[in-house]
Amino acid sequence: MDLKILKRSRASIKAKLTIFRTFLDTLLPSKDLNHLQSQELVIRHDKLQDLYKDFDTIQNNIENITEIPDEEYEERASFESSYFGVMAAAQNLLGRHAAAAGTASAGNDCGSVAGASGESPILQDVWQRRDLEYLMVDVLNALVQHHDVTCVVVLCDVIYLSVFDGQLFRMTYAVPIVMIVVADYEDLLSPNFDTLESLREARKDGCNVYVILLANGFQTARLLKFGDRHRVLDTRAKYIILHDYRLFHSDLHYLWKRIINVIFLRYHRKITGVSRSKAWFDISTVPYPYPIKSVLVSRRVEIWKNGKFHYNRTLFKDKTSNLNGEILNVVYIEHVPSVVVTRTNQLNKVGGLEIEILNTLAEKMNFKPKLYQPVNAELHKWGQKQANGSFSGLLGEMVNGQADIALGNLQYNPYHLELTDLSIPYTSQCFTFVTPEALTDNSWKTLILPFKLHMWIAVLLVLLITGVIFFGLARYYMNLQDYKKNYLPNKNNKSMLEGPDAKPAGLYLFGEIINSILYTYGMLLVVSLPKLPTGWSIRLLTGWYWLYCVLLVVSYRASMTAILANPAPRVTIDTLKELVESKIACGGWGEETKRFFEESSDDIQTIGKKFEVINDPFEAANAVARGVYAYYDNKDFLKYVRVKRRNMNFNILDHGNNTFNDFESALYIEQKRNLHIMSDCVVNTPISIGFHKNSPLKPLADAYIRQIVEVGLVEKWLNDAMHPIRSHETQVEEIKALMKLQKLYGAFIALAIGYFLSCMSLIGELFHWHLVVKREPSFDKYYVDIYYMNKNKKL
């Protein structure tokens, strides 16, 4: 049939149900019905009984035609909740009218209507003798005595409202109680505003006991589904629920792996014809930690009879402290150092920090972990939301309820908390970028690296100033000697001269400004003077200048030794500001990481604009090595990627992934461009172990993890996981520190500059000889000595 026609027919049926509900709302405020109203209600009720069959037929056809019938299943559930709620309210109204009438026929009608609902016979006996009320008194008192009850949330309908009268509150211990009365026809998969806000406030106030007494089992089931899906109900609280087989449907089995502190109250009526028989309650619970097979069979906890408990057992026993060796599914993805997979001879050995934590939890809580990886783990990793609304990867296993525990360096953030439960953080990791080191080599600057710029400026100024002072003092003494020679003739003066035209001893070293600078520079290089100059002022200055030169040279040599002994410095991007200002692209795993950068502060938003999603960290490392990319992850994992890239045969943590072989040759060619991990942390993120949503294991696991952190085991296991990587990095650094020819580039550069300047000086002298000296009239190539002698006399 045509889908539009079917939906139009369904809409007609829903309209009939709405008309009946409107009619019923006009009768509910009345304390009693007259004969005409009761007859009309019976006729309408009988007509409405066939309405569900028509709806079921049409809805089955719609679900068969629809390719993705999830919305149609919700439509069915919504109609059934409304239908059965309205029918239960009508039957209750007819039952009250029959009881008030007190006639036999009315009693038979009430019995027939009550029998149709399946709940009213229970109500009749409990209501008359208050058995359920007395049971609730005993249960609540037991809870208050043996457990820390903050407050109690009671959800009931008008059928069970009479259970909670004043006598119950007088007989129980003083404890805050939140009463929520829901209408018989209210769809609790989408509760009204008052109900929803009451549940939220109760959750916010920390209420840890829920009493749910609803005649309609569908309403209870839909309430639990809604509370679990949107975390409106505290699934780790204690629940008291009326026994109803509709709660044990296979579609609800997942709830009883989350709500385990629950007891079901099942009423057994007194046996007709047996005078000593009395009504009693069977109190049962879910069989956790034992797995639920195709059929859920509740396990008896206690029997309540004759106003007391039969076995006096604990109603809410801790079910997580000892899981009795049950197998728990543990999904994992490899991510160093949390999970490390070692592959030897086609066998995988799983280790790492989180594996050690898991083994400790398994020992303490007595369960056996069954490790497995999600489908296409290398591709999907943590997983992302697909077009059809499902999730892939590790998160997909958790959302679908396939796994109990998840390992894989899960960050403690709102995105993961919405989909799963996370343990308390066991550590905090620095998330940053690995950036390329520049290929620019500054080994040619080795000679000037020992001193900073301001130091070299100071040395140069001291050299020039000292050279000028030496020149000034030398000229002074030379002029003084000339004065004594010319105006104070004395034999002693002549003895001070080495010849008729000679200058005083040693003063010729500094007699010219160029020579003065050169000899001052020579002393700076620890080159001794050929002759000690005369004049005590010059001698004293020479002595103290020698001390300055010794200290300066010692400092220079020490700094130079350190530079040559350590790895050559490299130009890197080391801060967020430098990364923002650079032109390289940034990337990391997953759309969620990109969204984090786009929604962060201004500087990080700039990174988000050029952020690219890349799922293969080793492909990203290859792009980083080419100098065009920066990859985002935690520092420990980035160290592993860096070591893995340097040595593709790194056996201890070898991936064995064939896709890496495609890049092997390229990686070795680009080995010179190393990967640098920034010292700036973008964010320090807490890391946790994942549990499925509303997992009952989390509270006890948190307590054990807190103890593990406090005694220092996490730090120890982290060091164990990172030891092979750190050892390999240390070996690489030691190799880097060896003396190489590259580190002496500065000496060759200085020598080359010297050769160049010498050649230029030689060329200049040749030009001067041929273009200046030879063209002078007084020049005679046969008497060159006479030419220079005459020229010196002129000077």
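For region 379-433, calculate the relative contact order in percent as a whole number, restricting contacts to Cα pairs under 8 Å that are 6 or more residues apart.
21
Taking the Cα atoms only, what angle lies between the long axis of helix 3-27 and the longest principal axis of the chain, rounded to 10 degrees?
Approximately 60 degrees, to the nearest 10.
Whose amide H sits under 5 Å from the amide H of L449, counting only residues 5 or more places off or on another chain, with H placed in the peptide plane?
Result for L449 returns nothing.
Which entry in (i) 163, 62, 57; (ii) 80, 59, 54; (iii) 180, 71, 55 matches Cα extents along the principal axes in Å derived from the coordinates of this structure?
Label of the calculated value: (i).
Neighbour counts of other C-beta atoms within 10 Å: give me Y239, Y332 arranged from fewest to most.
Y239, Y332
What number comes out for the charge environment of I333, summing +1 per Lys or Arg and -1 per Asp or Glu over other residues with Cβ under 13 Å away?
-3
Report the longest stretch of the chain that contains none of the GluC sites (Glu not before Pro) sitting in a DSSP loop with at most 12 other Cβ atoms within 10 Å.
The reported range is 68-497.
Check which residues have an amide H placed less than 5 Å from I677's amide H, if you skip close sequence neighbours.
Counting only residues 5 or more places away or on other chains, the set is T435.
Assign unit charges at the C-beta atoms only (+1 for Lys and Arg, -1 for Asp and Glu), then state the dipole size of the chain relative to its Cα centre in Debye, rounded to the nearest 20.
Computed about the Cα centre, the dipole is about 3040 debye.
Treat the count of other C-beta atoms within 10 Å as a stand-in for reagent exposure and order Y267, Y290 from fewest to most. Walk me through the numbers before you get to the answer.
On the way: Y267 20, Y290 13.
Going from sparsest to densest Cβ surroundings: Y290, Y267.
Considering Cα pairs under 8 angstrom that are at least six residues apart, work out the relative contact order of region 118-319 and quote it in whole percent.
16
Pairs of Cα atoms under 8 Å, at least six residues apart: use those to get the relative contact order of the chain, whole percent.
Value for the chain: 12 percent.
Output the 0 to 90 degree angle, nearest 10, between the alpha-carbon long axis of helix 453-487 and the longest principal axis computed from the alpha carbons of the chain.
20
Given the -39500 (n - 2.57) contribution per DSSP H run of 4+ residues, what per-residue ellipticity at 222 nm results for the chain, rounded to the nearest 500 deg cm²/dmol?
On the way: 28 runs with 395 residues, N = 795.
Computed mean residue ellipticity for the chain: -16000 deg cm²/dmol.
Taking +1 at the Cβ of each Lys and Arg and -1 at the Cβ of each Asp and Glu, which of I687, V154, L394 sits farthest along the dipole of the chain towards its positive end, judged by Cα position relative to the Cα centre?
In the chain, that residue is I687.
Any idea what angle helix 51-65 forms with the longest principal axis of the chain, computed on alpha-carbon atoms, 0 to 90 degrees, nearest 10?
With rounding to tens, the tilt is 30 degrees.
Since every read-out is calculated from the coordinates, none of them should be taken as a lab result. These numbers come from a predicted model, not from an experiment. Ideal geometry is used to build each Cβ from the backbone, glycine not excepted, and the neighbour counts take in all protein chains shown.
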